[in-house]
Structure formats: C-alpha cells, structure tokens
Amino acid sequence: MKLLQGISHLASSGKLREVLERARGERELCELLASLLGARANTVVNGVEADLLLGAEACEVKLYPSRFYSGFGQALALKHVAGFEDVCVFQVVRAVSEDYMKSLGRLCAATGIKAAVFSEVSGLHVVEG
C-alpha cells in the first residue's frame, strides 16, 4: 500500500515528526501529509470523506485518539460504501501499550484493514490486517 509506504518513509526520515510539530490539528495534518505523499486530503467519495486519498487507496487519520478502534468506523465506510479496496487507519499517539497494539492487531485481522500507529515515544508501528 503506497500510503503506508509513504508514511513509513516519512517516519524513518524524521520528516513525520516535523509535520506533526507543524500541524495545528487533524485536518491540517492531513493536508501536510497529502502534499508530501502526492495524495489528496479531505476528499469526499460516494458520501464518505477520505482523509488521505492516493489512486485507489484511502486512509483515515486520527490525531491523539482515545481508543484503539478510533477511525475504524470511517475506514469501514471507505471500504464498503465508497468502494475502496485498500484502506488503512493512521493514528498518532503519545505512547502505546502492549494491550493497545494487541487489540489493534485483532481488529485489523477481523476487518482486513491495515493500521499504522506513530508513537511519540517508540516511533512507527504497522499492523497488517
């Protein structure tokens, strides 16, 4: 998935941290990421808003969510209503726990949706569905 590959590259180069420091909210984060990834931000398809859109791929972005499942309702709508086959959720959190990641892994496996979690403490974690 090109969106996840791009996010991974931004994380490994240190650029993702810079973008997070500049963004004043989730919407602006999506716009900044889109400009770096060659994607479109905040685009509505079949009545469902995709935070990031690149070709046939869509991504729901969550900035400091309170729950591991944040963004998955929107991701399911992108997949089953908007018709995107490749959908992911990208969460930015302060820190992740082992329980958080295990629960997220189970959810990804059950839904077939990939996830990337960027922790300010431990960096990027990618979970395949």
_17 Å reach of a label modelled at SER66, 7 Å along Cα-to-Cβ, counting backbone N of segment 22-58_ = 26
_Apply the a/c threshold of 1.5 to the C-alpha gyration tensor of segment 4-52 and tell me whether it is rounded, prolate or oblate._
oblate
*Per-residue HN-Hα couplings for segment 41-56 [Karplus 6.51, -1.76, 1.60; θ = phi - 60°; Hz; x = Gly/Pro]*: 10, 6, 10, 8, 10, 6, x, 10, 7, 9, 5, 10, 9, 9, x, 9
_Within the chain, which is the longest segment that contains none of the trypsin sites (Lys or Arg not before Pro) sitting in a DSSP loop with at most 14 other Cβ atoms within 10 Å?_
25-66
_Table column - 3J(HN,Hα) (Hz), segment 110-116, Karplus curve with 6.51, -1.76, 1.60, x for Gly and Pro_ = 6, 9, x, 9, 7, 9, 10
*Using Cα positions and a limit of under 19 Å, work out the lysines in reach of LYS102, with same-chain residues fewer than 8 apart set aside.*
LYS62, LYS114
*Considering only VAL48, VAL87, VAL117, give the residue with the highest GNM mean-square fluctuation for the chain, with springs between Cα atoms whenever their separation is below 10 Å.*
VAL48
*With a ≥ b ≥ c taken as the square roots of the eigenvalues of the C-alpha gyration tensor of the chain, please select rounded if a/c is under 1.5 and otherwise prolate if a/b is larger than b/c or oblate if it is not?*
oblate
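Quick note: the coordinates plus some simple rules give every number you see, no bench work behind them. Note that the coordinates shown come from a computational prediction; the quantities given were computed from them, not determined experimentally. Neighbour counts run over all protein chains shown; Cβ positions are idealised from the backbone, glycine included.
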